[in-house]
Each structure stands twice: as C-alpha cells, then as structure tokens.
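Chemist: I have a structure I would like to understand better, so I am pasting it below and will then ask my questions one at a time.
Computed from the coordinates by the stated procedures, all read-outs in this text should not be read as laboratory data. This one's a predicted model, so the numbers in the text were calculated from it and none came from an experiment. Please note: Cβ atoms are built from the backbone with ideal geometry, for glycine as well, and neighbour counts cover all protein chains shown.
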Number of protein chains: 2
Amino acid sequence: MKPAAHEREQAVFSALADPTRRAVLRSIASGEASTATELAARLPVSRQAVQKHLALLEQAQLVGGERVGRETRFAATPAPLGDAIAWMTAVGERWEDRLAALAEAADPEAGR
Amino acid sequence: MKPAAHEREQAVFSALADPTRRAVLRSIASGEASTATELAARLPVSRQAVQKHLALLEQAQLVGGERVGRETRFAATPAPLGDAIAWMTAVGERWEDRLAALAEAADPEAGR
DNA sequence: AAGTTGTGCAACCGGTCGGTTGCATGTTGC
DNA sequence: GCAACATGCAACCGACCGGTTGCACAACTT
C-alpha cells in the first residue's frame with residue numbers, strides 16, 4: 001500500500017472542503033450523533049447523503065465505522081487533522097521565513 | 001464588510017481543497033514565484049488557470065496581489081490558515097474530551 | 001413469522017469546478 | 001511608434017460532486 005502522504009493530505013483537505021461534511025465531523029467528534037440516521041436527523045439532508053459523506057470521511061481516515069448489531073456506529077479519528085495542520089503551519093513558517101529574510105535583506109543594519 | 005467567520009472558513013477550506021491551488025500557495029509562501037506567469041511556468045497548467053486559482057486564494061484572503069508596473073505580484077497572507085487550524089483543533093479537542101468522558105465512564109466498569 | 005427499523009448500493013440529475021482557447025488591454029523597451 | 005511581454009476577462013467543455021429516489025437486505029421486536 002502507498003499512503004503517499006500527499007494522497008492522504010488530498011483526501012483530508014477535500015473531505016474538509018464541504019460544509020455538510022464538516023458538520024458531520026463536528027457532530028461525531030462531539031458525540032452528538034454516531035450513526036448515519038442520527039446524523040441525518042440533525043442535518044437538512046437525507047440519510048443516503050450523510051452516508052456518502054461518511055464514506056469520504058472514512059476514506060480520509062477522519063472517522064471510523066464499526067457495525068454494532070443492525071446499526072453502524074461512527075467515531076472520530078482526528079489524527080489526519082494533524083497532518084493538515086502540519087501542512088498549514090509549514091506553509092505559514094515558510095512565509096514567515098521568507099518575510100524575515102526579506103526584512104533582514106532590506107533592513108540589515110536597523111534590525112532589532 | 002461582514003466576513004461572517006464561517007464564510008471565510010468555507011472559503012479557506014475550499015481554497016485548500018485543490019492540489020494545484022495548494023501548490024500555488026506553497027510557491028508563493030516560499031517566495032519561489034510571485035506572478036501568474038511565473039507560477040504557470042512552474043506548474044503543468046496554463047497561465048489563465050493559475051489566474052483563476054489566484055482569484056480564489058485572494059478571495060479567501062490567503063494571498064494578496066499588488067500591481068507593480070505591468071506585472072501583478074502576489075504575496076501570502078496566511079492569517080486565514082489560523083482560522084482553519086483553530087477549527088481543526090476545536091474539533092480535535094472535542095473529540096478528546098468525548099473520549100476522556102467515555103474512558104472515565106467505562107473505567108469503573110471496564111466492560112465492553 | 002411478521003412487521004419494523006437501519007443499513008448498503010445503484011442510478012440519476014443539476015450545478016459547480018478545473019482547465020482550455022481566444023481576444024482585448026495595458027506596459028515596457030527599442 | 002511599434003513590437004513584445006504580462007495581464008484581465010469571457011466563453012466553452014468535460015468531469016466530478018452533492019444530493020435525491022428507489023430498492024434489496026440484515027437485524028431487532030413482538
């Protein structure tokens with residue numbers, strides 16, 4: 001298997017792009033609901049729509065589903081969020097570095 | 001203007017959803033390129049495609065463009081990334097809280 | 001056993017997205 | 001002034017996405 005990092009990254013970011021999906025994830029993370037039908041009751045979409053969102057979230061490894069009896073209970077596995085955060089902070093740091101370098105180059109003497 | 005928070009949130013997350021757009025943002029943040037034509041040269045897409053991505057990134061306030069002579073130079077303004085990170089950490093914390101509560105509730109009985 | 005509740009899967013549909021081509025405009029350099 | 005380079009804008013297109021409906025099946029309940 002090839003997790004490939006940027007593949008998971010892609011999965012996470014695109015999973016987070018949809019507002020409904022974010023709502024689903026939030027509901028699961030806060031324990032307000034754990035099954036597709038429960039989530040659908042809290043959201044203005046059908047159960048099948050929620051189910052598709054859950055499939056994507058699961059593919060991004062943001063949630064994990066476990067079948068208990070006749071219902072499938074989902075739980076959050078927010079580890080991938082860490083990857084996304086890492087990407088963002090990396091970009092942010094690069095930006096800061098760049099800014100610092102520019103500032104230093106433009107202001108070598110009068111620096112702090 | 002009224003940013004409405006969740007509107008900016010939406011803009012940021014959907015802006016980050018596209019790999020090409022992330023590449024553009026990374027290139028700008030690291031100072032590798034700053035104009036649409038430069039970016040297009042580094043990427044396998046046309047200049048106009050990059051330009052559209054830049055428009056979205058600018059709309060999400062992740063970059064800012066300033067016209068200098070005949071070229072438009074873009075710079076990163078990663079502040080919105082902080083919002084996104086805040087959202088993620090909030091979800092992550094809620095998850096941890098929930099997990100802690102469950103663990104605590106399950107601890108005395110330890111059954112499953 | 002029969003009915004009820006929850007799930008999984010497939011097909012379909014309209015809208016949006018990422019990308020392209022084409023053209024018009026503005027800026028620089030000779 | 002004119003050629004070359006960079007940008008802005010619009011139209012168009014194929015693909016994907018979010019959502020729906022419909023149906024078949026598994027699992028409790030009585």
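Chemist: When the dipole is taken about the Cα centre of region A:1-71, and only Lys, Arg (+1) and Asp, Glu (-1) are charged at their Cβ, what size is it in debye, to the nearest 20?
Modeler: My answer is approximately 100 debye.
Chemist: Something else now. Amide H to amide H, which residues 5 or more places from residue B:63 or on other chains are under 5 Å from it, using H placed in the peptide plane?
Modeler: When sequence neighbours closer than 5 places are left aside, the close amide H contacts are B:58, B:77.
Chemist: In region B:6-106, with Lys and Arg counted as +1 and Asp and Glu as -1 at Cβ, which of these residues, B:54, B:85, B:17, has the Cα nearest the positive end of the dipole, that is, farthest along it?
Modeler: B:54
Chemist: How charged is the neighbourhood of residue A:21? Take every other residue with its Cβ under 14 Å from the Cβ of residue A:21, and add Lys/Arg as +1 and Asp/Glu as -1. List each step's numbers first, then the result.
Modeler: Details: positive: A:22, A:26, A:42, A:52; negative: A:18, A:58, B:9.
After counting each charged neighbour, the total is +1.
Chemist: Give the peptides B:53-60, B:10-17, B:82-89 in descending order of average Cβ contacts within 10 Å, highest first.
Modeler: The most tightly packed comes first, giving B:10-17, B:53-60, B:82-89.
Chemist: From the label point of residue A:55, set 7 Å along Cα to the beta carbon, how far off in nm is each other copy's matching point, shortest first?
Modeler: Once sorted, the set of distances for residue A:55 reads 3.3 nm.
Chemist: Also: Between copies, how far does the label point of residue B:31 sit from its twins, in nm, shortest first, when each point is 7 Å from Cα along Cα→Cβ?
Modeler: 4.8
Chemist: How far apart, in nanometres, would the label points at residue A:71 and residue B:86 be if each is projected 7 angstrom from Cα along the Cα-to-Cβ direction?
Modeler: According to this spin-label approximation, the distance is 3.4 nm.
Chemist: Between copies, how far apart are the residue B:97 label points? List them in nm, one decimal, shortest first, with each point 7 Å from Cα toward Cβ, please?
Modeler: 3.6
Chemist: Would you please classify the overall shape of region A:6-106 from the alpha carbon gyration tensor, given that a ≥ b ≥ c denote the square roots of the eigenvalues, rounded means a/c under 1.5, and beyond that prolate means a/b larger than b/c while oblate covers the rest?
Modeler: prolate
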